[in-house]
Amino acid sequence: MRLSILTATLVSAITLTVAAPTAEAGEPFVPLDKREPNGASCYEYWGQYGVTTWGSWDNDWGKGFLDNLRGQCGNILNWGFSYSGSNGYASFSITGGAASHCVENAIWLASNPTGAIWGVSCPSL
């Protein structure tokens, strides 16, 4: 009994040591910076989408978002992106049989490097 408790304790200690984040040899450990809150709202009206964006994920005039839209949804037409104050606004249409929730997936993927946006839905108006 004592041997199995000792073995379990050693295995747990080794696992915790291995899982702890470490810096490369000679490099100091730097904690992650807090990510800015990112957000998006979306709607769809007769195949035309509108997405309002905010946070640090959209500071590239929607280029990352457009790349992910193409990867998730296929052919994107009538692309436009503009800013109003600190918010971005993307408008576009999707041709063909795009996968369900492909716009929401593209938002998540585009925002992931600076703080992934969860729970966005694009309701039909």
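At positive phi and either outside any helix (DSSP H, G or I) or at pLDDT below 90 (or both): does that describe residue 26? Yes; evaluated as a whole, the condition is true for this residue.
A single entry from 111, 124, 84 fulfils the requirement of being more than 15 Å from the chain's Cα centre (by Cα) and over 20 Å from residue 47 (Cβ atoms): 84.
Here residue 74 passes the criteria (1) out of contact with any strand residue (DSSP E or B) (no Cβ under 6 Å at 6 or more places or on another chain); (2) surrounded by 15 or more Cβ atoms within 10 Å (Cβ to Cβ); (3) modelled with pLDDT of 85 or more except the one numbered (2). Could you go through segment 4-13 and let me know if any residue there is part of a helix (DSSP H, G or I) and at pLDDT 80 or above. No, that holds for no residue.
Within segment 40-57, the set of residues being open to solvent by 40 Å² or more (accessible area, probe 1.4 Å) and either aromatic (Phe, Trp, Tyr) or closer than 12 Å to residue 106 by Cβ (or both) comprises 43, 45, 46, 49, 54. Criterion applied to 80, 85, 64, 115 was being under 18 Å from residue 37 (Cβ atoms), touching a Ser or Thr at 6+ places or on another chain (Cβ under 9 Å) and surrounded by fewer than 18 Cβ atoms within 10 Å (Cβ to Cβ), and the one residue passing it is 115.
The values are calculated or read from the model by the stated rules, or taken from the named source; none is laboratory data. Nothing here was measured: the structure is a model prediction, and the numbers come from that model. Here the Cβ is made from the backbone with ideal geometry for all residues, glycine too, and neighbour counts use every protein chain on show. Areas reflect the complete protein model, heavy atoms only, side chains present, ligands, DNA and RNA absent. Shrake-Rupley method; radii C 1.70, N 1.55, O 1.52, S 1.80 Å.
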